[in-house]
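Input: a single structure, listed below in structure tokens.
Each value in this text was obtained by applying a stated rule to the coordinates, not by laboratory testing. For clarity, every value in this text was computed on a predicted model and none was experimentally measured. Here the Cβ positions follow ideal geometry from the backbone for every residue, glycine too, while neighbour counts run over all protein chains shown.
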Amino acid sequence: MTRYLIAGGSVLDATGSKPRKKTALFIEDGRIARIGKEEAVKAHAAKVCGTDYRTIDATGKTVMPGMIDVHVHTSYGDITSAEELNLYASGEYRALRGALNIRKVLRAGVTSLVDPGGTWRVATALRDAVNAGMIEGPRMKVASQYLTTYNGIGSVFPTWVEHPVSAFSVMCNTRDELVKEVRRQVRDSVDVIKVSGDGDVLRSEGGMGGSLTLDDLKAVSEITHLLGKRCTIHARGRRAARDAVEAGFDWIIHASYIEKEDIDAFLETGTPINPTLVLLMNIVEWGPDLGCPTPILEGLKRELDAAHENLSRAHEAGVTMMAGSDSGQSSVPYGEWHARELEIMQDVLGMSAMEAIQTGTRNAAFALGMEDRIGTLEEGKYADVLVVDGDPLADIAVLQDKERLDVVMKDGEVVDTATPLPQPRIYRWEKPQRIWSDPRTATQEFVRAEATRKPEWMVRKEKAGKAKRGAGRGLAQAAE
Ligand SMILES: [Zn+2]
């Protein structure tokens with residue numbers, strides 16, 4: 001394995017300490033072997049291997065841990081409809097498509113992810129193929145199909161349609177069925193059990209009320225932990241979130257509607273929340289340009305307002321937040337918006353830039369159960385490192401601009417971010433029905449060209465680009 005010296009940069013180690021200038025990292029055997037003052041680290045490298053290492057010059061740049069996204073659905077395929085998610089594409093096709101999509105995620109600086117549920121056994125296959133060195137992608141911990149009831153997200157069709165085996169969920173309407181399904185999924189080598197605790201804005205019959213009893217949740221948590229795995233839950237509403245904490249779930253996804261009285265339970269158990277607000281924010285901002293229906297937009301706006309109030313308060317009180325993007329949905333396509341969640345943590349939940357960065361690094365490592373190996377730049381940890389052309393503490397949005405991720409390193413290997421990825425054609429059966437009338441997904445390219453509401457960093461960048469080009473033209477004219 002190649003050894004690397006990353007020198008000259010400002011090291012933002014994500015432990016919470018201030019960035020250290022003129023600090024170097026020495027990478028050996030996929031780990032951070034040394035980190036410290038540049039001269040000392042260079043001397044160490046020379047002693048170990050003479051000059052048998054490559055130097056990455058990070059002068060004027062920020063060196064930070066690879067990002068961790070705890071909410072990427074690798075089997076979804078940038079879906080625009082329930083049919084697309086649950087019916088048409090085969091498991092085999094999804095796995096091959098997923099192999100391309102996780103490369104996009106890695107190239108966006110996400111070196112580890114959690115897949116909290118999806119169709120077939122796509123995510124476990126991708127995880128194993130990455131670990132075996134067959135395909136390139138982030139380090140993954142994965143769930144399989146959500147455990148759902150008729151009354152939660154995951155019950156996608158009316159009961160007169162048999163629940164399809166291809167759905168992203170498996171129907172478990174009794175406690176025995178829940179327990180049996182946990183056993184089955186653990187047998188099939190998942191890392192995480194995902195439970196559907198309630199609904200969302202697409203479910204018309206007030207889906208935030210919670211769909212499982214406390215005892216149901218306790219049964220899932222007990223058997224999951226007995227079998228040495230971890231469990232998480234989709235819980236937008238208050239009841240499912242609060243009950244899941246009490247039942248011992250390892251982390252809660254969304255939790256937008258928790259109230260003041262619920263916060264102590266999170267603090268006492270140390271249960272983190274993965275809010276996943278970029279999904280809502282992207283639809284609210286660009287949905288109108290893409291033909292998203294008004295009732296959905298209004299519902300999502302209301303949830304964003306609630307999350308702002310409730311999750312800011314939870315953060316303030318000390319509840320741990322972990323960043324996740326829900327990538328795989330068409331409003332959050334793979335490899336595009338992972339770092340936007342960090343900006344939202346800052347803007348909507350009132351975090352400092354450092355706290356926001358930690359939600360997508362140090363804090364998020366918890367969801368993989370790898371706090372001791374990833375998430376910060378410390379000696380002995382895996383060498384998952386980004387070299388960023390900019391200062392994310394001054395402008396956190398630089399992390400969204402892939403052109404400014406100079407180096408993405410995973411496990412001590414530099415990821416090729418330059419060779420163009422294939423641009424696959426999209427089959428009719430992949431996108432048979434649409435929620436948005438516009439067939440395109442919200443890629444950064446789309447937003448640049450089409451959206452009327454663009455992120456601030458993008459507008460700034462475009463203005464700066466124009467000014468530069470303008471200046472260049474001026475010179476050319478002067479020369480003529
Ligand atoms: Zn999700």
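With a cut-off of 11 Å between beta carbons, the residues surrounding A367 carry a summed charge of -3, where Lys and Arg count +1 and Asp and Glu -1.
Structure shown: which of K180/K229; K22/K466; K301/K461; K37/K104; K21/K466 lie over 25 Å apart, alpha-carbon to alpha-carbon? It would help to have the intermediate numbers written out before the result.
Working: K180/K229 15 Å; K22/K466 33 Å; K301/K461 27 Å; K37/K104 34 Å; K21/K466 32 Å.
As for pairs spanning more than 25 Å Cα to Cα, those are K22/K466; K301/K461; K37/K104; K21/K466.
Among the GluC sites (Glu not before Pro) in segment 1-84, none is located in a DSSP loop while being surrounded by at most 12 other Cβ atoms within 10 Å of its own Cβ.
So, by mean Cβ neighbours within 10 angstrom, what's the order for 391-397, 461-467 with the highest one leading?
Working: 391-397: 18.3, 461-467: 11.4.
Highest mean packing first, the order is 391-397, 461-467.
How do V220, V161 rank when sorted from fewest to most other Cβ atoms within 10 Å of their own Cβ?
Working: V220 25, V161 8.
By the 10 Å Cβ count, ascending, the order reads V161, V220.
At a Förster distance of 51 Å, what's the computed FRET efficiency of K466 paired with R184, Cβ-Cβ distance as r, to 0.05? Rounded to the nearest 0.05, the efficiency is 0.35.
Please state the shape class of segment 322-381: rounded when a/c is under 1.5, otherwise prolate if a/b exceeds b/c and oblate if not, all from the C-alpha gyration tensor. Oblate, since a/c reaches 1.5 and b/c is not below a/b.
Helix 214-226 against the longest principal axis of the chain: what's the angle in degrees, Cα atoms only, rounded to the nearest 10? That helix lies at roughly 50 degrees to the long axis. Among V11, V165, the ranking by other beta carbons within 10 Å of each residue's beta carbon, starting with the fewest, stands as V165, V11. Considering the options T452, S81, V41, tell which one lies farthest towards the positive end of the dipole of the chain, charges being +1 on Lys and Arg and -1 on Asp and Glu at the Cβ, about the Cα centre. Farthest along the dipole direction, towards plus: V41. With the convex hull drawn around the C-alpha atoms of the chain, the volume per residue stands at 159 Å³.
Using a simple spin-label model with pseudo-atoms 7 Å out from Cα toward Cβ, E298 and K260 lie 2.9 nm apart. How far is helix 91-107 tilted off the main Cα axis of the chain, in degrees rounded to 10, range 0 to 90? It works out to around 40 degrees. At full extension, A306 and T55 could sit 85.6 nm farther apart than now, given 0.36 nm per residue minus the alpha carbon distance. Within straight-line reach of K141, meaning a Cα separation under 19 Å, sit the following aspartates and glutamates at least 8 residues removed in sequence or on another chain: D69, D115, D128, E181, D188, D191, D250, D326, E371, D372, D384, D411.
Go through segment 217-320 and name the GluC sites (Glu not before Pro) that are in a DSSP coil and have 16 or fewer other Cβ atoms within 10 Å of their Cβ. Sites meeting the loop and neighbour criteria: E259. Residue order for I135, I233, I27, fewest other beta carbons within 10 angstrom first, comes to I135, I27, I233.
Other residues whose C-beta falls under 13 angstrom from the C-beta of T51 contribute a net charge of +3, scoring Lys and Arg +1 and Asp and Glu -1. Neighbours of T174, meaning other residues whose beta-carbon lies under 12 angstrom from its beta-carbon, give a summed charge of -3 when Lys and Arg score +1 and Asp and Glu score -1.
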